[in-house]
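Novice: Have a look at this one.
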Amino acid sequence: MDLHHLHTYIRPRQLEDLTAWDPGWNWLAGGTWLFSQPQPHLRGLIDLHPLDWNELEISAEGLKLGATCTFQQLLQYDWPPHWPGIRALCEGMASLASFKVAHLATIGGNLCLALSVGVVAPVLIALEATYTLIDLQGSLRHIPAQDFQIGPQQTLQQPGEALRSIWIPAQRLRGPSTFQRLGITQTDPAL
């Protein structure tokens with residue numbers, strides 16, 4: 001989809017390179033939704049890829065996912081066998097992203113889109129994840145996954161604030177998990 005109204009495209013090497021935020025701008029991570037339909041309200045895109053927020057870090061305390069980590073990175077990762085809880089997250093992503101977009105779709109983009117039929121956010125709520133947001137001055141804010149989405153396509157994210165990372169505690173990943181998508185009919189969105 002061509003976005004005919006765009007006049008600004010910025011690829012910052014660090015977030016501090018942005019000194020102001022225009023309400024017509026949007027963050028660009030994978031772009032699978034942004035480029036899927038007309039976006040007449042957008043005048044600019046800020047590409048997050050040069051910031052290298054695609055990390056996937058495992059520690060004894062838990063898992064840190066960078067906001068631009070793709071579905072493909074998560075689905076192809078060799079997860080520790082003592083973390084069966086990651087299975088629900090991977091199953092949810094696999095149900096959502098076809099091979100055509102899995103290498104582009106990002107976990108952060110999916111969460112910030114906040115679709116009422118989303119499958120990633122409910123799994124992260126069950127895993128007691130915490131989201132870290134960062135503003136243009138570099139200040140961090142931590143929000144529990146259960147509080148982030150406040151309505152369909154509405155989150156606690158403020159203008160100029162980007163989702164930086166997702167944290168999942170190890171204790172939640174050590175427990176069993178499963179993912180099941182339900183719908184009223186074959187073509188219904190997830191419930």
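The values are calculated or read from the model by the stated rules, or taken from the named source; none is laboratory data. In this text, all values refer to a predicted model and were calculated from it rather than measured experimentally. All Cβ positions, even for glycine, are placed from backbone atoms using ideal geometry, and neighbour counts span all protein chains on display.
Novice: Do we find that residue 84 is over 30 Å from residue 16 (Cβ atoms), at pLDDT 90 or above and touching a Pro at 6+ places or on another chain (Cβ under 6 Å) in this structure?
Specialist: On the way: over 30 Å from residue 16 (Cβ atoms): yes; at pLDDT 90 or above: yes; touching a Pro at 6+ places or on another chain (Cβ under 6 Å): yes.
Yes: the conditions hold for residue 84.
One line per residue, one yes/no per condition, for (1) surrounded by fewer than 14 Cβ atoms within 10 Å (Cβ to Cβ); (2) closer than 22 Å to residue 107 by Cβ; (3) in contact with a helix residue (DSSP H, G or I) (Cβ under 9 Å, 6 or more places away or on another chain):
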position: 3; (1), (2), (3): no, no, no
position: 7; (1), (2), (3): yes, no, no
position: 11; (1), (2), (3): yes, yes, yes
position: 14; (1), (2), (3): yes, yes, yes
position: 34; (1), (2), (3): no, yes, yes
position: 37; (1), (2), (3): yes, yes, no
position: 40; (1), (2), (3): yes, no, no
position: 44; (1), (2), (3): no, no, no
position: 48; (1), (2), (3): no, yes, yes
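Novice: Examine region 22-33 for a residue that is over 30 Å from residue 174 (Cβ atoms), part of a strand (DSSP E or B) and more than 18 Å from the chain's Cα centre (by Cα), and state whether such a residue exists.
Specialist: No: zero hits.
For every residue, the table says whether it meets (1) modelled with pLDDT under 90; (2) among the β-branched types (Val, Ile, Thr); (3) farther than 23 Å from residue 133 by Cα.
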| position | (1), (2), (3) |
| --- | --- |
| 15 | yes, no, no |
| 19 | yes, yes, no |
| 34 | yes, no, no |
| 37 | yes, no, yes |
| 45 | no, no, no |
| 59 | no, no, no |
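Novice: Tell me, yes or no, whether region 152-162 has at least one residue that is in contact with a Cys (Cβ under 8 Å, 6 or more places away or on another chain), assigned to a loop (DSSP other than H, G, I, E, B) and either touching a residue at least 12 places away in the same chain (Cβ under 8 Å) or aromatic (Phe, Trp, Tyr) (or both).
Specialist: yes
Novice: Being out of contact with any helix residue (DSSP H, G or I) (no Cβ under 9 Å at 6 or more places or on another chain), modelled with pLDDT of 90 or more and among the small types (Gly, Ala, Ser), is that true of even one residue in region 116-133?
Specialist: Scanning region 116-133 turns up no residue that is out of contact with any helix residue (DSSP H, G or I) (no Cβ under 9 Å at 6 or more places or on another chain), modelled with pLDDT of 90 or more and among the small types (Gly, Ala, Ser).
Novice: Now a separate question. Select from region 60-107 the residues that are hydroxyl-bearing (Ser, Thr, Tyr) and either crowded, with 18+ Cβ neighbours inside 10 Å or within 15 Å of residue 120 (Cα to Cα) (or both) and list them in ascending order. Steps first, please.
Specialist: Kept after step one, since they are hydroxyl-bearing (Ser, Thr, Tyr), are these residues of region 60-107: 68, 70, 77, 95, 98, 106.
Once the filter is applied, which keeps residues that are hydroxyl-bearing (Ser, Thr, Tyr) and either crowded, with 18+ Cβ neighbours inside 10 Å or within 15 Å of residue 120 (Cα to Cα) (or both), region 60-107 yields 68, 70, 95, 98, 106.
Novice: Could you tell me whether residue 135 is touching an Asp or Glu at 6+ places or on another chain (Cβ under 6 Å) and of a type in the set (D, E, K, R)?
Specialist: In short, yes.
Novice: So the check is Cβ under 8 Å with 6+ separation or different chains; which pairs have a first residue in region 112-129 that's more than 17 Å from residue 30 (Cα to Cα) and among the charged types (D, E, K, R) and a second one that's buried (at least 17 other Cβ atoms within 10 Å of the Cβ) and modelled with pLDDT of 90 or more?
Specialist: Within 8 Å, the pairs are 128/145; 128/168; 128/172.
Novice: If we keep just the residues of region 123-151 that are of a type in the set (Gly, Ala, Ser) and part of a loop (DSSP other than H, G, I, E, B), which is surrounded by the most Cβ atoms within 10 Å (Cβ to Cβ)?
Specialist: By that ranking, first place goes to 129.
Novice: Quick check: anything in region 88-104 closer than 16 Å to residue 170 by Cβ and outside any loop (DSSP other than H, G, I, E, B)?
Specialist: Scanning region 88-104 turns up at least one residue that is closer than 16 Å to residue 170 by Cβ and outside any loop (DSSP other than H, G, I, E, B).
Novice: Let me ask you something else. In this structure, is residue 97 at pLDDT 95 or above and among the small types (Gly, Ala, Ser)?
Specialist: Taking the combined requirement at face value, the residue does not satisfy it.
Novice: Another one. Only residues that are polar (S, T, N, Q), more than 12 Å from residue 170 (Cα to Cα) and not in a helix (DSSP H, G or I): list them for region 43-85, please.
Specialist: Residues satisfying the conditions are 54, 68, 70.
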